[in-house]
Amino acid sequence: MNQQETRRPLSDWLPLTRKEVENRGWEELDVVLISGDAYVDHPTFGTAVIGRIIEEAGLRVAISAQPNWQDDLRDFRKFGKPRMFFGVSGGCMDPMVNHYTASKRKRSDDAYTPGGRAGARPDYATTIYAQILKKLFPDVPVVIGGIEASLRRVTHYDYWQDRLFPSILESSGADLLVYGMGEMPLKFLLDLLGRGVPFHSIKTIPQTAVLLSEGEKIPKNKTWKDVEIASHDRCLEDKKSYSANFKIVEQESNKMQARRILQRIGDKTLVINPPFHTMTEKEMDASFDLPFTRLPHPKYNQKGEIPAFEMIKFSVNMHRGCFGGCSFCTISAHQGKFVASRSKESIMKEVKKVTEMPGFKGYISDLGGPSANMYKMKGKDESICARCVAPSCIHPVVCDNLSTDHKPMIDIYREVDAMPEIKKAFVGSGIRYDMLVKEYNKRGDADSMNEYMEQVLKRHVSGRLKVAPEHTADKTLRIMRKPSFRFFKLFKKKFDEINSKNGMNQQLVPYFISGHPGSDLADMADLAAETKEMGFKLEQVQGFTPTPMTVATEIYYSGFHPYTLAEIPSPRTAADKEAQHRFFFWWKPENTGWIRRTLGKLGKLKLAGRLLGR
Ligand code: SF4
């Protein structure tokens, strides 16, 4: 272990054990957090952020990380009964995505556990943890949050059991659900409880959901309008109604003035309150500037590295949210469509902290965000955004009202690059290449786009720039909410020009998805031929996984597009998915015969010539 790590007192971390609580002289806790991940005290790990906010409010908080749910449940009981509530999260990833591959095979590792060990949390962890707490401490409120709770807040499709589940509030028995990024609702909740408001009467905090029992009145709120979506029972009976629900849920989750969503689940009523405003720069800074050690708790020192921490320990997150609205992605459903950015000062302060971390050798692995090049971007006239229901600001076209100025990012990249402690600062997060193509981003400032691209390629790429066209077939790209592949070709042209002008040899690595709703075998054959002719031998490819609360997942389950209710086919059997995926690997000798036969059946033998030669 590094000297700097050993010098830090244990009290720099939030308590993880009974002994640490006693060392602080605490006889009781205000809040106990239960987490499916190991405790890494870093601003990109949700439990650490929630814990630090509770601590900042002057309250006593401890974490039970990855508690054993199969023994006598001592990990759930070790801190006793908290004064205010238990806060539960399944972890930074939905546990089912964490535990299983796209083909539902059990994974042998877990990036959020010391040593990358699998098996430290149950499937459907939030539900299991909350049920245990309700059994052990029936009178203590349970608040659930994090990605699993957030994206399972309403009737949703669970790919792993291939059926619809009701809101996770129903299965878990929790009292309150926080969706999206938890800071604002949590502060609101702490404030109300601090003022003596009884927990059971708290039902109108924005960005939370509650489940009302039969006969309970819908809480009054003068500023919110309500919208009722198809009941859970109706969704079970009728896939079209289920699909149509999603349009409402997605639009209301991304509006500046959203409606409150109501849904019947049997005799109960689910109430999902509208989200908070997008966090301001000051609010973002306040969250990122909390006194994180930026390190895993020392308890893990002898237990092996935590892979997810190793990946991000020298990186800095500049903003949250994404206005891309890709059909298969959950970012906007969780973090929101509107981008929340930190101040330059707060980012630079964190970069400085990273340079002082044990083991830092001069390389920042990422100056990024969900999409790297969205920092500080927003509507030019936000009163127009306030009336907008578009799920994406850049698809099917870039909105005239969107500012895509790349200068604030260039400014930060350059300032970080000039720091004497930094040898190189990479931009590792995905770059939205379409915003850098003038023919697509017609109103964008060409100078700032070109300057950004040159800056990134010359100073912030490790030899390979990864971008995500995701497909080549326009009909599938439209369903994915991605631009036509011809814009990727224009991007590549520009990329090649910058490369040769500067005598560089950077490589462009495109990402693709097979098996996406709308994609068929003929599309995949075209994809293989198109990319081959551009000189790519694909490596960054994945099969589509239907995760809760995405447009693509709703299409996969229901067969209908939530916005148009048009029927859209999806490959559903393992064989169909495998066949689509196989086209990525046209260059493997063992696939030659199969590809020729398949193209023959599709009546596309001409493609065989393009793909395999004579
Ligand atoms: S008006 Fe344009 S920039 Fe504003 S939210 Fe809508 S699509 Fe995005």
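Every read-out reported here was derived from the displayed coordinates using simple, explicitly stated rules and does not represent laboratory data. Since this is a predicted model, take the numbers as computed values, not measurements. In this analysis, Cβ positions are derived from the backbone assuming ideal geometry, glycine residues included, and neighbour counts consider all displayed protein chains.
Quick rundown of the values:
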{"item": "17 Å Cα-Cα reach of Lys423 towards aspartates and glutamates, excluding residues that sit fewer than 8 places from it in its own chain", "result": "Glu350, Glu356, Asp366, Glu415"}
{"item": "Reach of Lys606 by Cα under 18 Å, taken over lysines that are not fewer than 8 positions away in the same chain", "result": "Lys532"}
{"item": "Mean-position separation - Cα centroids, region 444-500 and region 1-69, in angstrom", "result": "42"}
{"item": "Normalised contact order of region 365-450, rounded percent, pairs of Cα under 8 Å and 6 or more residues apart", "result": "43"}
{"item": "Size of charge dipole - region 233-292 - debye, nearest 20, with Cβ of Lys, Arg +1 and Asp, Glu -1, no other charges", "result": "420"}
{"item": "Using alpha-carbon coordinates, inclination of helix 239-253 to the longest axis of the chain, degrees", "result": "70"}
{"item": "Counting DSSP beta bridges with both ends in the chain, the antiparallel % (nearest 5)", "result": "40"}
{"item": "HN-Hα J in Hz across region 498-505 - Karplus 6.51, -1.76, 1.60, θ = phi - 60°, x for Gly and Pro", "result": "5, 4, 6, 4, 9, x, 9, 10"}
{"item": "Kirkwood hydrodynamic radius of region 18-101, from inverse mean 1/r over distinct Cα pairs, in Å", "result": "13.5"}
{"item": "Estimated [θ] at 222 nm from DSSP helical runs (n ≥ 4, -39500 (n - 2.57)) normalised by residues in the chain, nearest 500", "result": "-10000 deg cm²/dmol"}
{"item": "Relative contact order of the chain, defined on C-alpha pairs under 8 angstrom at six or more residues apart (%)", "result": "11"}
{"item": "Mean-position separation - Cα centroids, region 353-431 and region 583-614, in angstrom", "result": "41"}
{"item": "Sparse-neighbour loop sites [trypsin sites (Lys or Arg not before Pro); region 287-362; at most 15 other C-beta within 10 Å; DSSP]", "result": "Lys303, Lys361"}
{"item": "Estimated dipole of region 521-570 in Debye, rounded to 20 [Cβ of Lys and Arg +1, of Asp and Glu -1, Cα centre]", "result": "120"}
{"item": "Sequence ranges 123-130, 480-487, 109-116, 135-142, ranked by mean other-Cβ count within 10 angstrom, highest first", "result": "123-130, 480-487, 109-116, 135-142"}
{"item": "Estimated FRET transfer efficiency (Lys466, Asp139; beta-carbon r; R0 56 Å; 0.05)", "result": "0.65"}
{"item": "Mean separation of Cα contacts under 8 Å (6+ apart) over length of region 403-536, as relative contact order %", "result": "25"}
{"item": "Added length on full extension, which subtracts the Cα-Cα distance from 0.36 nm per residue, Lys106 to Ala390", "result": "98.5 nm"}
{"item": "Computed FRET value (nearest 0.05) for Arg443 with Ala574, which takes r as the C-beta separation and R₀ as 56 Å", "result": "0.80"}
{"item": "Footprinting exposure proxy for Lys222, Lys475, Lys378 (fewest neighbouring C-beta atoms within 10 Å first)", "result": "Lys222, Lys475, Lys378"}
{"item": "Order of Glu470, Glu554, Glu55, Glu237 - criterion: other Cβ atoms within 10 Å of each residue's Cβ, fewest first", "result": "Glu237, Glu55, Glu470, Glu554"}
{"item": "Thr223-Leu192 FRET efficiency (beta carbon distance; Förster radius 25 Å; 0.05 resolution)", "result": "0.90"}
{"item": "Segment Lys299-Tyr363, extension gain: residue separation times 0.36 nm, minus the distance between their alpha carbons", "result": "20.4 nm"}
{"item": "Using alpha-carbon coordinates, inclination of helix 183-194 to the longest axis of the chain, degrees", "result": "10"}
{"item": "Net dipole in debye of the chain [+1 Lys, Arg Cβ; -1 Asp, Glu Cβ; about Cα centre; nearest 20]", "result": "1300"}
{"item": "Stretchable slack from Lys353 to Asp238, in nm (0.36 nm times residue separation minus alpha-carbon distance)", "result": "36.0 nm"}
{"item": "Among Gly463, Leu527, Pro517 the positive-end extreme of the charge dipole of the chain (Cβ point charges)", "result": "Leu527"}
{"item": "Cross-link pairs Lys313/Lys349; Lys247/Lys494; Lys134/Lys225; Lys407/Lys489; Lys442/Lys501; Lys313/Lys376 - those with Cα-Cα distance over 27 Å", "result": "Lys247/Lys494; Lys134/Lys225"}
{"item": "Residues Ser341, Ser213 arranged by fewest to most Cβ contacts within 10 Å", "result": "Ser213, Ser341"}
{"item": "Mean Cβ count within 10 Å, highest first, over the residues of peptides 410-416, 81-87", "result": "81-87, 410-416"}
{"item": "Degrees separating the helix 407-417 axis from the principal Cα axis of the chain, which is the longest one", "result": "80"}
{"item": "Cα gyration tensor shape of region 94-197, rounded if a/c is under 1.5, else prolate or oblate by comparing a/b with b/c", "result": "prolate"}
{"item": "Gyration tensor verdict on region 478-614 (Cα atoms; rounded if a/c is under 1.5, prolate if a/b is larger than b/c, oblate otherwise)", "result": "oblate"}
